[in-house]
Amino acid sequence: MSGVESVVRPERSSVGNPAIAPGDRSRLRTIGFNAVSMIPGSTGGMEVYARELIPRIGGLLPDARLLFFACREGVAGFDSDELGAEIVPCETTATNGFKRLGYEQLRLPLDARRHKLDVLHSLTNTAPLLSPVPSVVAIHDLIPAFVPELLMNPEWQRHAFNRLVNMSARRADRVLTLSQASLRDLVKVAKVTAEKVDVIPPAGRPRGQATPIAELRERYNLPDRPLILSPSARRTHKNLPRLFEALARIDHDPAPVLLLPGYQTGQEGWMAEQTERLGVAERVKMLGWISDADLDGLYDLATCFVFPSYMEGFGLPVLEAMERDLPVATSNVSAMPEAGGDAAMYFDPFDVDQIAAAITRLLTDAELRERLVRDGREHVKRFSWDLAAEQTVDSYLRAVTEGRHAVKRA
């Protein structure tokens, strides 16, 4: 096999966690969800995680009260009926990091005690360090520890945030993460024991009504050429500069167009300059944040899906593409092999020639595309939000029965 075709098989333990045993769910009467840093439309996979997981947890605990602690942006962007949880407004804004962290560390513990929570599930990497109730924190990834420019300046603030994430992992009763790759990072960087971490993979974003193709072509001025879809925020670890270089090296007639939906980060300017230097500016469309309907339409319209990120907590877009019958090429590092399994092509994300070769194969080899689509349909059956909710509830029970608060609450 060539480097492009090689497959890194995921560890089977990445789906399901046999260490989690079911218990008495009647102990879970009131569940709180810490979402004070979640801004709808700006937090990517974390938002999908919340929207898909919380209603299913409610379904498993029909007699429990679910409370969703939201910042001002979250109050405006989340719907109580859709979540199946009461939205509790918090007097903070997620865009002000100091205020948000202050609320999380000082006010949220008081809210947890006042509402008599049985468990507090923090959804976005940090949690109150002095929680008066059993605490479960979802740490989706430790990317900021490896890619520090993702975080705020100055440097001391970056260090402080990374330290808070690590301390949140150590202080929580249970830690949830999405992949074996993230588990290894947690053990190495946050210094938590593997036994304290529950690896619970996500599933994809359910498909909705897609925008019609003709409407999409007009809205985004899309040409009648092969389209390469790569949903990516403009972040360093997404590896877009190498993807632009790979696009410039592809010799295919007609020349393919790269579609880049994803929220803006302020890096769009220099990326546009790079595409100009490479001579591919007319073939790169940075679409910004788009609706789910438009994104599903682009999945229908695209020829292939390419995800060159070199670090992810899981790589949820890989699953989403497979669920929508799109052939996938992605990186052979971090969590991507767990997300893609045997149903994706893999390349070295630091080797531009390998990225270009993988894309060229997908554009020119119809038989390969059909095989990857077929294998992808089978692969995604291994992942389920219902299963993730079951495992999450079991993790809550371990926090209640085995955590720091177990004796006083027994």
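Among (1) touching a helix residue (DSSP H, G or I) at 6+ places or on another chain (Cβ under 8 Å); (2) of a type in the set (Gly, Ala, Ser); (3) surrounded by 21 or more Cβ atoms within 10 Å (Cβ to Cβ), there is one condition residue 70 misses while meeting the rest; what is its number?
Answer for residue 70: the failing condition is (1).
If you check every pair at least six apart or on different chains, which have Cβ atoms under 9 Å apart with a residue in the stretch 125-144 that is part of a helix (DSSP H, G or I) and modelled with pLDDT under 95 first and a residue that is basic (Lys, Arg) and surrounded by fewer than 24 Cβ atoms within 10 Å (Cβ to Cβ) second?
Every condition considered, the pairs that remain are 143/235; 144/158.
Cβ-Cβ under 6 Å, sequence separation 6+ or interchain: first residue in the stretch 348-372 and over 21 Å from residue 320 (Cα atoms), partner among the acidic types (Asp, Glu). Which pairs?
Close Cβ pairs satisfying both conditions: 352/245; 354/348.
Restricting to the stretch 286-321, give me the number of residues that are surrounded by fewer than 24 Cβ atoms within 10 Å (Cβ to Cβ), hydroxyl-bearing (Ser, Thr, Tyr) and closer than 20 Å to residue 203 by Cβ.
Summing the residues that are surrounded by fewer than 24 Cβ atoms within 10 Å (Cβ to Cβ), hydroxyl-bearing (Ser, Thr, Tyr) and closer than 20 Å to residue 203 by Cβ in the stretch 286-321 gives 1.
The values are calculated or read from the model by the stated rules, or taken from the named source; none is laboratory data. Note that the coordinates shown come from a computational prediction; the quantities given were computed from them, not determined experimentally. FYI the Cβ positions are ideal-geometry reconstructions off the backbone, even for glycines, and counts take in every protein chain you see.
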